[in-house]
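These notes concern the structure reproduced below.
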């Protein structure tokens, strides 16, 4: 596979809210007042129990570097390796965290990972997402796929269940796991104790799912932290499935840790989290726009809005009233929303150009020689002009390239911005 590997930047993401600030006619004094208030919130967010959430990536990396085989990250990698070597399909049974895992799969793996042969996948399993929320017919359809007649001795026919309960109180994952394991037992005519590698729960220590697993004797588990909040993607819930499909989770965590440092140490004009939160606050105050529309020239980021929305469900202690939730639009443009434009500069593969074609003459001729990645912007120029003419507020996130390090920074940026905005809306609420 031909892959371009530009030299990565230490800070591959930059937030540019200048067009929105200009549209609001904000002067230097206005911006200084805005960022002074945000800096106060940042300092508060870096203290107390929230600091534990902010430093999860750094703690995982530090323990892994110092303790290696006794660290949580080593255990995560070992569980992922055991699953990867035992089966060819992993069924992910989870809740809102699956939006983040889908995003990791799209951004850091081959676009058609599941359609490739095991050899072309580098010996890594397929990742199948159980429908969420689960209904009877969709779940029966999943069972049809998994329980088709096959040889249990052939690696390519083996599958495993990775069950995730991110909130720690749901019975859904335990109930669905019971159905899957019962059907698996019927097919293999084996006791639960003989099917240990087929079932791997990820949950809090006292969650119903973990109690269910312990009762059946399953020991190959990873416990989730009690106070993970929006950073659950950087716990076993996100890192185990990511590692199973070959994503470099160490680089992912390094990117997240780098964004945490930028958040704590960078001045406001170089701090993407403060820039993003400040722009969204201004858009809400000046234009009364609560909705956000994510738009990108890179298709792998199409699910970012769904993941951002799921942060609220993961942040159980921080649940806000419905009236204070920020609606997220992920696909269709809306002129009553703030446009979050994520522009990726470099592709991972060799860049395609639009070629000329003999005996044809149409409107595409003026784009001949253009890089494919630039074409959506050219085609959307009329739409962009319309947005501009209507004065739709927009914030640009400039991203150098899509890889594990950059994705780690991007996810951490939105996690931190979510926590900051919650702290602004609910200043007296503890995390």
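The values are calculated or read from the model by the stated rules, or taken from the named source; none is laboratory data. All values derive from a computational prediction rather than experimental measurement. For neighbour counting, all protein chains shown are included, and Cβ atoms are generated from backbone atoms with ideal geometry for every residue, glycine included.
Tabulated data
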{"read-out": "Condition check for residue 102: in a loop (DSSP other than H, G, I, E, B) and in contact with a strand residue (DSSP E or B) (Cβ under 9 Å, 6 or more places away or on another chain)", "value": "no"}
{"read-out": "Count of the range 282-312 residues which are at pLDDT 90 or above and more than 30 Å from residue 98 (Cβ to Cβ)", "value": "1"}
{"read-out": "Candidate set: the range 346-368, residues that are within 25 Å of the chain's Cα centre (by Cα) and surrounded by 14 or more Cβ atoms within 10 Å (Cβ to Cβ); chosen: the one nearest to residue 15 (Cα to Cα)", "value": "346"}
{"read-out": "Failed condition for residue 122, given (1) in contact with a helix residue (DSSP H, G or I) (Cβ under 9 Å, 6 or more places away or on another chain); (2) touching a residue at least 24 places away in the same chain (Cβ under 8 Å)", "value": "(1)"}
{"read-out": "Members of the range 205-221 that are assigned to a loop (DSSP other than H, G, I, E, B), on the phi < 0 side of the Ramachandran plot and either surrounded by fewer than 19 Cβ atoms within 10 Å (Cβ to Cβ) or outside the structural domain of residue 166 (by TED's automatic domain parsing) (or both)", "value": "205, 206, 216, 219, 220"}
{"read-out": "Out of 5, 14, sole residue that is out of contact with any helix residue (DSSP H, G or I) (no Cβ under 6 Å at 6 or more places or on another chain), at pLDDT 90 or above and not in a helix (DSSP H, G or I)", "value": "14"}
{"read-out": "Residue within the range 271-294 that is in the same structural domain as residue 40 (by TED's automatic domain parsing) and more than 25 Å from residue 392 (Cβ to Cβ) present", "value": "no"}
{"read-out": "Qualifying positions in the range 245-268 - more than 26 Å from residue 39 (Cβ to Cβ) and not in a helix (DSSP H, G or I)", "value": "245, 246, 247, 248"}
{"read-out": "Options 369, 391: the member that is modelled with pLDDT of 85 or more and at positive phi", "value": "369"}
{"read-out": "Within the range 38-95, considering residues that are touching a helix residue (DSSP H, G or I) at 6+ places or on another chain (Cβ under 7 Å) and without any contact (Cβ under 8 Å) to a residue 60 or more places away in the chain, the one nearest to residue 129 (Cα to Cα)", "value": "74"}
{"read-out": "Extreme residue, modelled with the lowest pLDDT, among residues of the range 74-99 that are within 11 Å of the chain's Cα centre (by Cα) and part of a helix (DSSP H, G or I)", "value": "97"}
